[in-house]
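Values quoted throughout were computed directly from the atomic coordinates according to the rules given, and no laboratory measurement underlies them. A quick note: this is a predicted structure, and the numbers were derived from the prediction, not measured. Quick reminder, even Gly has a Cβ in these numbers, built from the backbone with ideal geometry, and neighbours come from all protein chains shown.
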Protein chains: 2
Amino acid sequence: MTKTILLKQRPVGSPTLSDFELRTTETEMNLATGEMLLESTYISVDPYLRGRMSDAKSYVAPFEVGKPLHSGVVAKVINSQHNNFKEGDFVSGMLDWKTKQISNGDGLLKVDGEKAPLSAYLGILGMTGLTAYLGLTQIGKPKAGETLVVSGAAGAVGSVVGQIGKILGLKVIGIAGTDEKVTMLTSEFGFDHAINYNSTDDMVAALKTACPNGVDIYFDNVGGPISDAVLFNINQFARIINCGAISVYNNTEVPKSISVQPFLVKNSALMQGFIVSNYAEKFPEAMKQLSIWLGEGKLTYTETVVDGFENTPQAFLDLFDGKNKGKMIVKV
Amino acid sequence: MTKTILLKQRPVGSPTLSDFELRTTETEMNLATGEMLLESTYISVDPYLRGRMSDAKSYVAPFEVGKPLHSGVVAKVINSQHNNFKEGDFVSGMLDWKTKQISNGDGLLKVDGEKAPLSAYLGILGMTGLTAYLGLTQIGKPKAGETLVVSGAAGAVGSVVGQIGKILGLKVIGIAGTDEKVTMLTSEFGFDHAINYNSTDDMVAALKTACPNGVDIYFDNVGGPISDAVLFNINQFARIINCGAISVYNNTEVPKSISVQPFLVKNSALMQGFIVSNYAEKFPEAMKQLSIWLGEGKLTYTETVVDGFENTPQAFLDLFDGKNKGKMIVKV
């Protein structure tokens, strides 16, 4: 049997379990030439999926109501009529939220569980790592000695951004929402300093103390009031990477913030929306660098692994409550 | 006698005449070697000066209370002990708001009243033209056929931006605050379409109608709600040049707008604060191009010339009420 998770209805505001539907069907077994049957091993849940659940104009087509959701998945080939993939291989790519599915291999990469744990291909050696590396280097253009602030720092992307910042010689300050996360950032991930925004009254002042030389690069995963506070501390020629805005994804009204324009004008600063898929030509180089650093032990990562395919929607919802540390993954 | 205008006190909110002081003193006449005595001919008043009247952190040092203000000035050499400048020459550069002053020539350029009217060196062949040309080309990176929106379009910079946009093959939409200005944009400056924001209820919809293919480049001189409306219409990979934010310069509280981050993320869009002085190495090339276009009759410009040195503060205040069409200049 095959289990599938579909989008039952478009969420309004914060998504709930009732927006999803679990369906069980007979497994399709008939493979045409060039096809293979895959069994999902790990499924990635990510904040950006929220955007695709709405039908607003965005950089990718929205999910369709009544159709399976999909995201990054690591799967095992259990039957193959495809020349490049054989039974027992593992692949990674964008696949449906299904326990089993047929694929023609388009957009799938073979991954090697000997070189790194399979789940890493959804995280540090997947879109997460690529997003962190390419966002920081391509837009942030870091120079050793500069100050980097990362919001959502204990999340999948943020924790990698901070570590890469340290490798590149930056002073790195992380912002996260619990004391436990803040401790993890400095003790496990080597951040110079971390701030718990939930226990800090005056974020502008806290950032000023943590960044006495001002902020040169801001890797922004959250948007909202935290990002406003960072703006008060940016330096001339600051670069702000807008990688995500999880704080406002569930808003039903257009969210308000301070006006960024005067800050950008005063500081000749840059803000740029970053979507990793626009940098596909840099993926091989980035993967190579990330693998080297991982092999050298310079990069570490944390995963929050949720057990059971049926729990995929809940794992997704938990992202918005910050229940994950590092990459949130479902073990099928 | 020499008349000088000083900053009497830092304006709070909107500046008023009482923030300025006119002082009359004996003219200093004793020139050291390498110095010259200048008599001001034209003085430029510009919105950005408002920022320098506050003592907030900014890209240039604030004006000092009790000291003369200064800005772009065209002046005549009336006595010279300087090797490179002789009596009768005209020069342009950043000078004090004084009818007469001594200079050592630092940062001054000789200008030729035969090639273009002297006042043009404060406008289309000065910082105004350079700002328009370099902002649009260096950050906007225009490609023929794209759609350009310009706010503050009837202002000094905006009217030049739109004309350069047309020369470069863009579709150009201007936003201004009176019917007279809107008419001027399409009839005199060749904009494809112009919108009067004061008589338009729904700017988002008006822009959607005017820009059926969306907005690729937004040259933003104003910030505030007008810029919010543009954000709803930007395309993927849009470039937003933050050249000024006149709508909020006089705010005493930090102004609020919609959150730009989700718009930038969704569209992989860029916003960049633009200060022309950061592009000084491009000035010669830009001046050459602007002179060619001016000579070919492809660029035209409008000036609002206010008579009398004493009226310089009032001319500056009038900028914030949009009383100028094109470049605001004081004839001394």
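Coupling constants for the range A:11-28 follow from the phi torsions by the Karplus curve (6.51 cos²θ - 1.76 cosθ + 1.60, θ = phi - 60°), and in residue order they are x, 10, x, 5, x, 10, 4, 6, 7, 10, 9, 9, 10, 10, 9, 4, 6, 6 Hz; glycine and proline get x.
Straightening the chain between B:Thr186 and B:Ala280 buys 30.7 nm, computed as 0.36 nm per residue apart minus the Cα-Cα spacing. Across the alpha-carbon atoms of the range B:1-136, the computed radius of gyration and Dmax are 15.7, 45 angstrom. Derived from the Cα gyration tensor, the three semi-axes of the equivalent ellipsoid of the range A:68-145 are 29, 14, 11 Å, largest first. Using θ = phi - 60° in the Karplus curve 6.51 cos²θ - 1.76 cosθ + 1.60, the 3J(HN,Hα) couplings for the range B:209-215 round to 5, 6, 10, x, 9, x, 10 Hz; x is entered for Gly and Pro.
Taking the inverse of the average 1/r across all pairs of different Cα atoms in the protein assembly as shown, what Kirkwood radius in Å do you get?
On the way: mean 1/r = 0.0363 Å⁻¹.
Result for the protein assembly as shown stands at 27.5 Å.
Which of the peptides B:311-320, B:105-114 is most tightly packed, and how do the rest follow, judged by the mean count of other Cβ atoms within 10 Å per residue?
On the way: B:311-320: 19.7, B:105-114: 14.0.
Top to bottom by mean Cβ count within 10 Å: B:311-320, B:105-114.
Note down the relative contact order for the range B:127-277 as a percent, whole number, built from C-alpha pairs under 8 angstrom at least six residues apart. Dividing the mean separation by the residue count of the range B:127-277 yields 23 percent.
Taking a quarter of the surface of the Cα convex hull of chain A, what do you get in nm²?
Values: hull surface 66.8 nm².
Computing the convex hull of the Cα atoms and averaging its projections yields 16.7 nm².
Annotation: amide H of A:Leu299 within the under-5 Å range of A:Leu294, sequence separation 5 or more or interchain, hydrogens built in the peptide plane.
Take B:Thr24, push a point 7 Å out from Cα through the beta-carbon direction, and compare it with the same point in every other copy: 9.8 nm, smallest first. Each part gets one Cα centre, and for the range A:260-332 versus the range B:15-30 those centres are 58 Å apart. Restricting the calculation to Cα atoms, the range B:250-299 shows an Rg/Rh of 1.21 when the hydrodynamic-style radius is the Kirkwood one. Legend: calculated FRET efficiency, B:Asp179 to B:Lys141, from the Cβ-Cβ distance at R0 = 41 Å, rounded to 0.05, equals 0.80. Per-peptide packing, taken as the mean over residues of other Cβ atoms within 10 Å, places B:270-278, A:324-332 in the sequence A:324-332, B:270-278 from highest down. As a size descriptor, the averaged projected area of the C-alpha convex hull of the range A:261-332 was calculated at 8.3 nm². Between helix A:283-295 and chain A there is an angle of about 80 degrees, using the helix long axis and the longest principal axis of the Cα atoms.
Full extension of the segment from B:Gln289 to B:Arg10, taken as 0.36 nm per residue of separation minus the current Cα-Cα distance, would add 96.6 nm.
For the pair B:Gln236 and B:Thr33, a Förster radius of 60 Å applied to the C-beta separation gives a FRET efficiency near 0.50, rounded to the nearest 0.05. Protection proxy ranking of B:156-163, B:175-182, by the mean of other Cβ atoms within 10 Å over each peptide's residues and highest first, is B:156-163, B:175-182. Peptide A:271-277 has a mean of 6 when you count, residue by residue, the C-beta atoms of other protein chains within 10 Å of its C-beta. Taking amide H as placed 1.01 Å from N in the peptide plane, B:Val222 has its amide H under 5 Å from the amide H of B:Gly244, B:Ile246, each at least 5 places away in sequence or on another chain.
Taking one quarter of the surface of the C-alpha convex hull of the range B:190-332 gives a mean projected area of 11.4 nm².
Counted by neighbouring Cβ atoms within 10 Å, the residues B:Val215, A:Val77 run from fewest to most as A:Val77, B:Val215.
Using the number of other C-beta atoms within 10 angstrom as an exposure proxy, rank B:Arg23, A:Arg10 with the fewest first. Please report the intermediate quantities before stating the final value.
On the way: B:Arg23 12, A:Arg10 15.
Arranged by neighbour count, lowest to highest, B:Arg23, A:Arg10 become B:Arg23, A:Arg10.
Remark: relative contact order (chain B) = 17 percent; criterion is Cα-Cα distance under 8 angstrom and separation of 6 or more residues. Given +1 at the Cβ of Lys and Arg, -1 at the Cβ of Asp and Glu and no other charges, the dipole of chain B around its Cα centre is 560 debye to the nearest 20.
Residues of the range A:216-247 with an amide N closer than 14 Å to a point placed 7 Å from the Cα of A:Leu168 along the Cα-to-Cβ direction: A:216-220, A:238-243. Sorted from closest to farthest, the other copies place their B:Asn84 label points 6.3 nm away, with each point set 7 Å from Cα along Cα→Cβ.
For peptide B:213-224, what's the mean number of Cβ atoms from other chains within 10 Å of each residue's Cβ?
Working: counts 0, 1, 0, 0, 0, 0, 0, 3, 1, 1, 6, 3.
Per residue, the average neighbour count from other chains is 1.
Just counting partner chain Cβ atoms within 10 Å, what average do the residues of peptide B:241-248 show around their Cβ?
On the way: counts 2, 11, 2, 3, 8, 0, 3, 3.
What the average comes to for B:241-248 is 4.
Taking the label point 7 Å along Cα→Cβ, B:Glu180 and its counterparts in the other copies are spaced 6.7 nm apart, in ascending order. Size descriptors for the range A:127-277 (Cα atoms only): Rg and Dmax, in that order, 13.9, 41 Å. Taking a point 7 angstrom from the Cα of B:Ser54 along the C-beta vector, which residues in the range B:248-273 have backbone N less than 13 Å away? Within reach of a label on B:Ser54, which here means backbone N under 13 Å from a point 7 Å along Cα→Cβ, the range B:248-273 contributes B:248-256. Within 11 Å, Cβ to Cβ, of A:Pro313, how many net charges do the neighbouring residues add up to if Lys/Arg are +1 and Asp/Glu are -1? Charge balance near A:Pro313 sits at -3.
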